[in-house]
Amino acid sequence: MVTATLKKLTTPLTREAVKDFKAGDMVSITGTIYTARDAAHKLIVEALARGEELPMELKDQIVYYAGPTPAKPGRVIGSCGPTTSGRMDAYSPKLIEQGLTGMIGKGPRSPEVVEAMKGHGAVYFAAIGGAAALIADSVKSAEVIAFPELGPEAIRRLEVVDYPCIVAIDSEGNNLYQLGVEQYRVED
């Protein structure tokens, strides 16, 4: 049975702290997180392959799979909802190997990503799809730090306060997308 506990997280997210999060936990994140979608992930992995310096430190960081819309006057950021995480699956194991400890998105992850998470100590948080405007209220500052040519998909450094999400897959591989279905499966 999946039980939910509310946990507060202040970044950075160390590998030691990752162990405290279990599938089904509700989490409130405060601190720095980075946005990056598939185009940015591809550029990061290519930079790693060339031995170049990355635009941000990956160790103990959280990457949010989002491409925020432009901010309206008086706002820090526009709508800021999650994108489908599977689009990053080809790149995520490499980033996890480099020290990335947290990812935020929506939808299930590939077995390769889950294995990398288990092997290196990382966690996957699910953001609330359809609540992009509400999520944006948690963002207190946003700054493009790399790949501005990608527009909404540029890497941004976000400062968030009480950003809401759920632990979808923990560092032991417990997967809410599987556990939740099993919990309600009706046996004939």
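Of all residues in the stretch 55-99, which are under 13 Å from Arg109 (Cβ atoms) and charged (D, E, K, R)?
If the condition is that a residue be under 13 Å from Arg109 (Cβ atoms) and charged (D, E, K, R), then Arg87, Asp89 are the ones that fit.
Does the stretch 70-86 include one or more residues that are modelled with pLDDT of 95 or more and surrounded by fewer than 16 Cβ atoms within 10 Å (Cβ to Cβ)?
There is no residue in the stretch 70-86 that is modelled with pLDDT of 95 or more and surrounded by fewer than 16 Cβ atoms within 10 Å (Cβ to Cβ).
For Lys7, only one of the following conditions fails: (1) touching a Lys or Arg at 6+ places or on another chain (Cβ under 7 Å); (2) modelled with pLDDT under 95. What is its number?
Of (1) touching a Lys or Arg at 6+ places or on another chain (Cβ under 7 Å); (2) modelled with pLDDT under 95, only one is false for Lys7: (1).
Identify the residue in the stretch 131-165 that is among the β-branched types (Val, Ile, Thr) and buried (at least 18 other Cβ atoms within 10 Å of the Cβ) and, among all such residues, is farthest from Thr69 (Cα to Cα).
Taking the candidates together, the pick is Val160.
Quick one: Met103 ticks every box in (1) out of contact with any Phe, Trp or Tyr (no Cβ under 7 Å at 6 or more places or on another chain); (2) of a type in the set (A, V, I, L, M); (3) closer than 14 Å to Ala168 by Cα bar one, so which box is it?
With (1) out of contact with any Phe, Trp or Tyr (no Cβ under 7 Å at 6 or more places or on another chain); (2) of a type in the set (A, V, I, L, M); (3) closer than 14 Å to Ala168 by Cα applied to Met103, the lone miss is (1).
Of everything in the stretch 129-159, what is of a type in the set (Asp, Glu) and touching a residue at least 12 places away in the same chain (Cβ under 8 Å)? Give them in sequence order.
Glu143, Glu153, Glu159
Touching a Phe, Trp or Tyr at 6+ places or on another chain (Cβ under 9 Å), buried (at least 16 other Cβ atoms within 10 Å of the Cβ), over 17 Å from Val167 (Cα atoms) and modelled with pLDDT of 95 or more, is that true of Leu95?
Here the answer is no, as Leu95 does not meet what is asked.
Among the residues of the stretch 166-186 satisfying the criterion of being surrounded by fewer than 19 Cβ atoms within 10 Å (Cβ to Cβ) and in a helix (DSSP H, G or I), which is modelled with the lowest pLDDT?
Looking at the filtered set, the residue picked out is Tyr184.
Report the residue count in the stretch 11-61 for those that are crowded, with 19+ Cβ neighbours inside 10 Å and touching a Pro at 6+ places or on another chain (Cβ under 6 Å).
Matching residues across the stretch 11-61 total 0.
Exactly one of (1) modelled with pLDDT under 95; (2) of a type outside the set (D, E, K, R); (3) crowded, with 18+ Cβ neighbours inside 10 Å is unmet by Val113. Its number?
(1)
Could you check Gly107 against (1) farther than 20 Å from Cys80 by Cβ; (2) modelled with pLDDT under 95; (3) in contact with a helix residue (DSSP H, G or I) (Cβ under 6 Å, 6 or more places away or on another chain) and say which number it fails?
The failed condition is (1).
Return the residue satisfying two criteria in turn: it lies in the stretch 44-61 and is among the small types (Gly, Ala, Ser) and not in a loop (DSSP other than H, G, I, E, B), and of such residues it is farthest from Ala146 (Cα to Cα).
Among residues in the stretch 44-61 that are among the small types (Gly, Ala, Ser) and not in a loop (DSSP other than H, G, I, E, B), the one farthest from Ala146 (Cα to Cα) is Ala49.
The values are calculated or read from the model by the stated rules, or taken from the named source; none is laboratory data. As the structure is a prediction and not an experimental result, all values here were calculated from the model. No Cβ is skipped: glycine too gets one built from the backbone with ideal geometry, and neighbour counts run over all protein chains shown.
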